[in-house]
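The values are calculated or read from the model by the stated rules, or taken from the named source; none is laboratory data. Quick caveat, the model's predicted, so the values are computed rather than measured. Cβ atoms come from the backbone with ideal geometry, glycine included; neighbour counts cover every protein chain shown.
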Amino acid sequence: MKSGGLGLVPYDRLASARVKTVGTKQTLKAIQKGLPRVVFVARDAEERVVRDLLRLCKEKNIEVVYADSMAKLGQACGIQVGAASAAVLED
(Lines give C-alpha, C1' and ligand atoms only; values in the text may rest on other atoms or scores of the structure.)
Protein backbone atom coordinates (compact mmCIF):
# COMPACT_ATOMS: atom_id res chain seq x y z
CA MET A 1 0.00 0.00 0.00
CA LYS A 2 1.25 3.42 -0.88
CA SER A 3 0.86 6.43 1.30
CA GLY A 4 -0.19 9.80 -0.04
CA GLY A 5 1.50 11.90 2.64
CA LEU A 6 2.92 15.36 1.88
CA GLY A 7 0.81 15.91 -1.23
CA LEU A 8 2.34 13.07 -3.23
CA VAL A 9 -0.99 11.48 -4.13
CA PRO A 10 -1.30 11.13 -7.93
CA TYR A 11 -4.65 12.91 -8.15
CA ASP A 12 -4.00 13.59 -11.84
CA ARG A 13 -4.25 9.84 -12.56
CA LEU A 14 -7.71 9.80 -11.03
CA ALA A 15 -8.80 13.06 -12.65
CA SER A 16 -7.72 11.91 -16.12
CA ALA A 17 -8.97 8.32 -15.87
CA ARG A 18 -11.23 7.30 -18.75
CA VAL A 19 -13.24 5.00 -16.49
CA LYS A 20 -13.46 5.43 -12.71
CA THR A 21 -15.76 4.87 -9.80
CA VAL A 22 -16.58 7.50 -7.20
CA GLY A 23 -17.90 6.57 -3.78
CA THR A 24 -17.62 3.47 -1.68
CA LYS A 25 -20.65 1.58 -3.04
CA GLN A 26 -19.53 1.84 -6.67
CA THR A 27 -15.91 1.18 -5.79
CA LEU A 28 -16.77 -1.87 -3.67
CA LYS A 29 -18.80 -3.37 -6.54
CA ALA A 30 -15.89 -2.82 -8.92
CA ILE A 31 -13.45 -4.46 -6.47
CA GLN A 32 -15.71 -7.48 -6.12
CA LYS A 33 -15.45 -7.88 -9.91
CA GLY A 34 -11.67 -7.35 -9.82
CA LEU A 35 -11.83 -4.29 -12.10
CA PRO A 36 -9.78 -1.51 -10.42
CA ARG A 37 -6.18 -0.83 -11.33
CA VAL A 38 -5.84 1.30 -8.20
CA VAL A 39 -8.16 2.31 -5.36
CA PHE A 40 -7.99 5.66 -3.57
CA VAL A 41 -9.16 5.94 0.05
CA ALA A 42 -9.45 9.21 1.95
CA ARG A 43 -7.49 9.28 5.21
CA ASP A 44 -10.40 10.99 6.99
CA ALA A 45 -13.04 8.50 5.80
CA GLU A 46 -14.82 6.66 8.60
CA GLU A 47 -13.21 3.28 9.18
CA ARG A 48 -16.56 1.49 9.15
CA VAL A 49 -17.27 2.91 5.68
CA VAL A 50 -14.05 1.67 4.05
CA ARG A 51 -13.32 -1.45 6.14
CA ASP A 52 -14.74 -4.00 3.66
CA LEU A 53 -13.26 -2.15 0.72
CA LEU A 54 -9.75 -2.27 2.21
CA ARG A 55 -10.12 -5.95 3.14
CA LEU A 56 -11.15 -6.86 -0.41
CA CYS A 57 -8.29 -4.83 -1.91
CA LYS A 58 -5.87 -6.79 0.23
CA GLU A 59 -7.46 -10.13 -0.72
CA LYS A 60 -7.42 -9.28 -4.43
CA ASN A 61 -3.99 -7.63 -4.31
CA ILE A 62 -5.30 -4.28 -5.59
CA GLU A 63 -3.08 -1.25 -4.94
CA VAL A 64 -4.46 1.24 -2.40
CA VAL A 65 -3.39 4.88 -2.36
CA TYR A 66 -4.39 7.04 0.59
CA ALA A 67 -5.69 10.50 -0.30
CA ASP A 68 -5.14 13.41 2.05
CA SER A 69 -8.85 14.03 2.62
CA MET A 70 -12.36 13.28 1.40
CA ALA A 71 -12.59 16.84 0.08
CA LYS A 72 -9.43 16.50 -2.03
CA LEU A 73 -10.51 13.09 -3.31
CA GLY A 74 -13.93 14.44 -4.28
CA GLN A 75 -12.30 17.39 -6.04
CA ALA A 76 -10.00 15.04 -8.00
CA CYS A 77 -13.11 13.11 -9.07
CA GLY A 78 -14.76 16.28 -10.31
CA ILE A 79 -17.52 16.40 -7.71
CA GLN A 80 -18.47 19.19 -5.33
CA VAL A 81 -18.61 16.98 -2.21
CA GLY A 82 -16.14 14.71 -0.48
CA ALA A 83 -15.60 11.10 -1.44
CA ALA A 84 -14.47 8.35 0.94
CA SER A 85 -13.10 6.27 -1.93
CA ALA A 86 -12.68 6.10 -5.68
CA ALA A 87 -10.99 3.81 -8.18
CA VAL A 88 -9.33 3.95 -11.57
CA LEU A 89 -10.74 1.18 -13.78
CA GLU A 90 -9.17 2.32 -17.02
CA ASP A 91 -6.40 4.90 -17.45
Could you list, in sequence order, all residues of the stretch 1-19 that are closer than 18 Å to S69 by Cβ and either of a type in the set (F, W, Y) or at pLDDT 95 or above (or both)? Y11
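Which residue out of V50, V64 is within 13 Å of the chain's Cα centre (by Cα) and part of a strand (DSSP E or B)?
V64
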Can you tell me which residues in the stretch 67-91 are outside any strand (DSSP E or B) and small (G, A, S)? S69, A71, G74, A76, G78, G82, A83, A84
Taking the criterion of being more than 14 Å from A87 (Cβ to Cβ) and touching a strand residue (DSSP E or B) at 6+ places or on another chain (Cβ under 9 Å), would at least one residue in the stretch 22-32 satisfy it? no
Condition first: in a helix (DSSP H, G or I), without any contact (Cβ under 8 Å) to a residue 60 or more places away in the chain and among the aliphatic types (A, V, I, L, M). Can you find one or more residues in the stretch 4-21 that meet it? no
